[in-house]
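The values are calculated or read from the model by the stated rules, or taken from the named source; none is laboratory data. The shown structure was predicted, so the numbers you read here are calculated from the model rather than taken from an experiment. Reconstructed Cβ throughout: ideal geometry from the backbone, glycine too, with neighbour counts over all protein chains shown.
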Protein chains: 2
Amino acid sequence: MSQAPHAPETATPQAESSSAFDLAAWNEAALARIEPALDRWLGEGAVPSRESLDAPMRYAVLDGGKRLRPLLALAARAAVAEHDGTAGPGGFDTAAMRAGCAVELIHAYSLVHDDMPCMDNDVLRRGKPTVHVRFGEAGALLAGDALQALAFEWLTPADSAIPPALQAVLCARLARAAGRDGMAGGQAIDLANVGVALDEAALRQMHSAKTGALLQASVAMGAACGAAPAQALAALERYGAALGLAFQVVDDILDVTADSATLGKTAGKDAAADKPTYVSLLGLDGARARARALHTAALAALDDSGLRGTQALAALAALVMDRSH
Amino acid sequence: MSQAPHAPETATPQAESSSAFDLAAWNEAALARIEPALDRWLGEGAVPSRESLDAPMRYAVLDGGKRLRPLLALAARAAVAEHDGTAGPGGFDTAAMRAGCAVELIHAYSLVHDDMPCMDNDVLRRGKPTVHVRFGEAGALLAGDALQALAFEWLTPADSAIPPALQAVLCARLARAAGRDGMAGGQAIDLANVGVALDEAALRQMHSAKTGALLQASVAMGAACGAAPAQALAALERYGAALGLAFQVVDDILDVTADSATLGKTAGKDAAADKPTYVSLLGLDGARARARALHTAALAALDDSGLRGTQALAALAALVMDRSH
């Protein structure tokens, strides 16, 4: 796109480098590292007697996810690495990969438990039968529980892949993003408010916890793997918060505009369940305008960070906006 | 008992100090610190919008447990503190309290999930309705999930209550004890083997993971809060392993010898479910002999530790043997 004949010569450096950035290539290279890492770490220490647990764990994690959370962690790490000059394989890059994949495990376990009959009772996920349909409810419950623990195992490797003080920082952030102040808390608020007309502040609080906390943590944990100035970290937190909320607004829009085959999960279920959403609150056009405003805020936060290597983060924000599923 | 007129003059120092130790008083003093700590930390950061999650979390943890895991952590810390001379409030004692209470959260969440209809479908626990009976299945599922995350929050306090490197050690150990190589893995093996005649090696592997890993971790995590020699830590690991297995053997014995009112949960359910147990494998007398042998091994490990302040650990081993529920 930077080759376009009428590209404005007054483009800001941020916009210029952003438009020159090839997200597809970056994504492909990152995913070529993420997928094998998930597969390899899931397989570490496998023993035959535990196959009944390992099988649903692998099924829940491998083969199907967009890997947005690991991508965000690696993109944040890339932004920091360009600043602190520690780019390259090993060291902090390995730590960021572990951080992103640990968040992915939390995300995967939450989907397994969410889909269970006592929660959303969903039978389709990523175009495949959900874990409890395939492995039974007890298997799904245990696999989810074990995936949560495994996330913290991946953050605390026995080798020296992550310095101990950084392990502590990453565990602290992930626990809070996953727990009652984060994802689990948001889900509880969600459950308690089916059929209730929330105002926007309450809806925002719910979604910031339920979906946003983990996305924001992905960015923050990737950024923690390095030596960025406090101001840059604070700006990346704002980027993550805006992106996390934008993700949920787009999710609400897709729930009413997309079909199940495209989504890879049951469409229209929030509306059917009479759950409060950004679309029910703001209308479809209002929700779209809100998503655009959050996108703008996310990009502004990247500018505020003072980091120059934020192209992948900017491109991922665009991806979140434009996604079809 | 050291005042008994005919006490042998050749008693070993270990036996002498152990018999002079007043476990009831030690327990009472420890519980007077544990219960308020659980209550206070559970209440930290409570917000009204999350009451639907906080209520089942508090219900699952407070008011009823024996607190064996925190007691083991504090007893191990006490043994190490007498060695390294760092006894006293604050510092490592606070870390050990957080460690023990974090293990208690994992234990509590496992009971909540175990009791759910898709697992053991139990309606009575500690003499009260189980969490899903009281709060619904979705509430129980989410509360268990949030309790697991909260355990890692308690190990990674924002203040300096635990040095970062120790936070990393504690998170690493708890994650492995709770996850697929520990509790969750043992439960999966258990589920997969209902109605199957396991040999003793397989039964031991299952129980070492399902129940033993968390008890052993309680000891190891408490002992990590200090500066004990590696040989002492290795001996305490052996103590924890023997105690953990003894606990399960006694559990199997109680399942067939005690009534539900004494147990505070449904008696005879393992036999009714045709689960392999130490009683079904060794008979009642054989199981009792095995428990006694494990008790002896646990006390021998304490002697091997070279630590002098192991009286509370020795007394807790006796308590595990003599418990009625």
Failed item, numbered, when residue A:122 is tested on (1) more than 13 Å from chain B (Cβ to nearest Cβ); (2) over 20 Å from residue A:176 (Cβ atoms); (3) part of a helix (DSSP H, G or I):
(3)
Please specify each residue of segment A:239-261 satisfying the condition of being of a type in the set (Val, Ile, Thr) and surrounded by fewer than 24 Cβ atoms within 10 Å (Cβ to Cβ).
A:250, A:253, A:256, A:257
Report, by residue number, each residue of segment A:36-66 that is assigned to a helix (DSSP H, G or I), within 30 Å of residue A:320 (Cβ to Cβ) and either of a type outside the set (Phe, Trp, Tyr) or facing another protein chain (nearest Cβ under 9 Å) (or both).
A:36, A:37, A:38, A:39, A:40, A:42, A:56, A:57, A:58, A:60, A:61
Considering only residues that are surrounded by fewer than 24 Cβ atoms within 10 Å (Cβ to Cβ) and facing another protein chain (nearest Cβ under 7 Å), which ones fall in segment A:135-146?
A:137, A:138
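Check whether at least one residue in segment A:69-80 is in a helix (DSSP H, G or I) and surrounded by fewer than 19 Cβ atoms within 10 Å (Cβ to Cβ), and report yes or no.
no
Does segment B:298-306 include one or more residues that are out of contact with any Cys (no Cβ under 7 Å at 6 or more places or on another chain), under 21 Å from residue B:85 (Cβ atoms) and crowded, with 21+ Cβ neighbours inside 10 Å?
Within segment B:298-306, one or more residues are out of contact with any Cys (no Cβ under 7 Å at 6 or more places or on another chain), under 21 Å from residue B:85 (Cβ atoms) and crowded, with 21+ Cβ neighbours inside 10 Å.
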Using beta carbons and a limit of 6 Å, which pairs, at least six apart or on different chains, have the first residue in segment B:284-311 and in a helix (DSSP H, G or I) and the second one polar (S, T, N, Q) and crowded, with 20+ Cβ neighbours inside 10 Å?
B:302/B:310; B:311/B:18
If I filter segment A:153-171 for residues that are within 9 Å of chain B (Cβ to nearest Cβ), touching a helix residue (DSSP H, G or I) at 6+ places or on another chain (Cβ under 9 Å) and closer than 26 Å to residue A:118 by Cβ, do I get at least one hit?
no
Only helices (runs of 4 or more DSSP H) wholly contained in segment B:184-265 count here; list those with 2 or more residues that are within 14 Å of chain A (Cβ to nearest Cβ) and within 17 Å of the chain's Cα centre (by Cα).
B:200-207, B:213-224
Is it the case that some residue within segment A:122-129 is over 29 Å from residue A:192 (Cβ atoms), in contact (Cβ under 8 Å) with a residue 60 or more places away in the chain and touching a Pro at 6+ places or on another chain (Cβ under 7 Å)?
no
Condition first: under 13 Å from residue A:312 (Cβ atoms) and in contact with a helix residue (DSSP H, G or I) (Cβ under 8 Å, 6 or more places away or on another chain). Now tell me which residues in segment A:23-33 satisfy that.
A:23, A:26, A:27, A:30, A:31
Could you list, ordered by first residue, the pairs with Cβ atoms under 9 Å in which the first is in segment A:238-250 and touching a residue at least 60 places away in the same chain (Cβ under 8 Å) and the second is outside any helix (DSSP H, G or I) and of a type in the set (Ser, Thr, Tyr), at least 6 apart or interchain?
A:238/A:305; A:239/A:305; A:239/A:310
Does residue B:162 meet the test of being in a loop (DSSP other than H, G, I, E, B) and crowded, with 24+ Cβ neighbours inside 10 Å?
yes
Please pick out the residue among A:138, A:96 that is under 30 Å from residue A:235 (Cα atoms) and in contact with a helix residue (DSSP H, G or I) (Cβ under 6 Å, 6 or more places away or on another chain).
A:96
Checked A:186, A:179, A:195 against criteria (crowded, with 24+ Cβ neighbours inside 10 Å and more than 19 Å from residue B:155 (Cα to Cα)); the one match is A:186
All-but-one check, residue A:149 against (1) buried (at least 16 other Cβ atoms within 10 Å of the Cβ); (2) of a type in the set (A, V, I, L, M, F, W, C); (3) over 18 Å from residue B:148 (Cβ atoms); (4) at the interface with another protein chain (Cβ under 7 Å from one of its Cβ atoms), failing number (3)
Unmet criterion (only one of (1) modelled with pLDDT of 95 or more; (2) under 21 Å from residue B:66 (Cβ atoms)) for residue B:266
(1)
Sole miss for residue A:22 among (1) at pLDDT 95 or above; (2) more than 13 Å from chain B (Cβ to nearest Cβ) is condition (1)
Please indicate, with yes or no, whether at least one residue in segment A:102-109 is surrounded by 24 or more Cβ atoms within 10 Å (Cβ to Cβ), acidic (Asp, Glu) and part of a helix (DSSP H, G or I).
yes
Are any of the residues in segment B:94-108 more than 14 Å from chain A (Cβ to nearest Cβ), over 20 Å from the mean Cα position of the chain (by Cα), more than 18 Å from residue A:179 (Cα to Cα) and among the hydroxyl-bearing types (Ser, Thr, Tyr)?
no
